[in-house]
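Report on the following structure.
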Amino acid sequence: MLHLILFLGFGAVCVAGAVNLLMQRHPINSALSLVVVMGSLAAEYLLLGAEFVAAVQVIVYAGAVMVLFVFVIMLLNAGEEEETKGSRVAVIFGIPGTLVGSLLIAWVLLEHSGTRSVAVGALPGPPKTIGWLLFHDYLLPFEVTSVLVLIAIMGAVVLAAPPESPRREN
Amino acid sequence: MLSVETFVAVSLIKTVIALAVLLTAVAYTVWLERKVVGHIQNRWGPTRVGPFGLLQPLADGVKFMFKEDLIPPHVYKPLFIAAPMLAVVFALTSIAVIPVGNTISIGGIQTSLQIADVNIGLLIVLGVTSLGVYGVALAGWSSNSKYSLLGGLRASAQMVSYEIALGLSLVGVLILSGSFSLREIVDAQSGTYLGFIPRWNIFPQFIAFFIYLMAAYAETNRIPFDLPEAETELVAGYHTEYSAMKFAMFFMAEYANMITVACLASLLFLGGWHGPLFGPPLLQALLPVFWFALRIFGFLFVYIWVRGTLPRFRYDQLMAFGWKFLLPLAIANLVVTALVVAVRA
């Protein structure tokens, strides 16, 4: 019972953070709302029983990725966004469209893809299980992903490196 | 199993005790630092308030509370006020998963000397400390002052960079003990090598300990890595614009982080609370806590000693040291440890 209340509570915080992220006009407030979303997602994972995923969510997303976001916003000293009036079409069709779309996705996922709902606290998530899955059952996808990350790192290094000094004319 | 009511009551009591001890320890670490640095520099340090200046932290606390709380006119107020709170909350939270001794039983209730015994304790400490960057970064940004902003930027870049080396240095210990639970890591260090050397992780993992030490100094913004608040360049860095209790919160956060780092070092590398046990049962139950506190004291003393001895790095030296020396060293240490463990298994 307590688990369920907490689960719904953190879910509400998560959605509120996401809405706030869109409503805020200052980039740093939006970034901080995203931190709240990440944090409450971690709490949801924890309540489902996936404690390792929850901890990694906090360390990687809230602790590293979002810190870099905030860092960049601070460095560029980005100001407030200018507000446009917004198109009426977006309001009239956008909001109902989003609602219908998300309901449709939820229905398809629940009814047709063979997914089962997970009881609170029943997700197998100790570090040992995850390690076994990553380095045994899914070793190839794991390694491919790491190569992908390596490519991204190399791309960042190439982009960030100072341009080669122009060759001297003889 | 305890009933829910007893569990809540016991947890509450443990939380109150842990927080009270932690805050007192924070106050007296400040006193210790002033005293030790004073003696290193051939001064006396605090002497006026109480014997040996022992009541100085109390006087400081009262002063902080009654000082005028200035808020400069051009700050971004919500974050300016929230930043010191974030810093102190994240600094104090990690004590919740740190064990300080064995299980004890009082009046038929068995309880471990730890607020929450979770099996991913180490990850929780790392996660909470990685969130501590926000307090510093947001304080620097929201102050709307160039010194604060530079301090905040330096702090966040430095903390993110050294977090990697810090994390990797701990993986070696994790491989040796095979658990994320701080209690199990300590239990794995009981016994001796060759009959007389205690089985502490610092002996097989001395390189990791060195990396941890360096990264910990950088993570807590201490000399020789205190660039974020380098007073000769940045006035006081990210907390330049803060006064009274808000400044005190940053101060408390810094010392609480030092204590957390010292706790982790004792648990992961120095054998936790293991030590000779003797005497009546009550003494036997409390001696581990004493041995643990002794290690923390030793670690903090080294912290202060380093502060009294070393000059400050340049910022490019700090970054080069972190990325080009500590990180490769940590990876090499990790690979060697993994190979040795795999060959033995």
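No value in this document is a laboratory result; all are computed from the given coordinates. Note that the structure is a prediction, hence the values are computed from the model and not measured. Please note: Cβ atoms are built from the backbone with ideal geometry, for glycine as well, and neighbour counts cover all protein chains shown.
Axis angle, to the nearest 10 degrees, between helix B:77-93 and the longest C-alpha principal axis of chain B: 20 degrees.
Give me the distance between the Cα centres of the stretch B:257-309 and the stretch B:65-82, rounded to whole Å. One Cα centre to the other: 37 Å. Is the shape of the protein assembly as shown rounded, prolate or oblate, going by the alpha carbon gyration tensor and its root eigenvalues a ≥ b ≥ c, with a/c under 1.5 for rounded and a/b larger than b/c for prolate? Since a/c stays below 1.5, the shape of the protein assembly as shown is classed as rounded. Cβ-Cβ distance of residue B:65 and residue B:17, R₀ of 35 Å, FRET efficiency by 1/(1 + (r/R0)^6): the value works out to about 0.90. If the limit is 23 Å between Cα atoms, which of B:14/B:67; B:63/B:246; B:67/B:146; B:146/B:246; B:77/B:246 go over it? Beyond 23 Å: B:14/B:67; B:67/B:146. Once every Cα of chain B carries one equal point scatterer and solvent is ignored, give the base-10 log of I(q)/I(0) from the Debye formula at q = 0.06 Å⁻¹, two decimals. Those come out to -0.23, one per q.
Here's the list of aspartates and glutamates a cross-link from residue B:324 could span, going by alpha-carbon distance under 13 Å and ignoring same-chain residues fewer than 8 apart: B:316.
FRET efficiency for the residue A:160 to residue B:192 pair, using the beta carbon distance and R₀ = 56 Å, is estimated at 0.65. Rounded to the nearest 10 degrees, the angle from helix B:4-40 to the longest Cα principal axis of chain B is 60 degrees.
Compared with the dominant Cα axis of chain B, that is its longest principal axis, helix B:244-268 is turned about 20°. Taking other C-beta atoms within 10 angstrom as a stand-in for reagent exposure, A:136, A:3, B:239 fall in the order A:136, A:3, B:239, fewest first.
Using a cutoff of 8 angstrom between alpha carbon atoms and counting only pairs six or more residues apart, the relative contact order for chain B works out to 22 percent.
Adding -39500 (n - 2.57) for every DSSP H run of four residues or longer, then dividing by how many residues chain B holds, sets the calculated 222 nm ellipticity at -21500 deg cm²/dmol.
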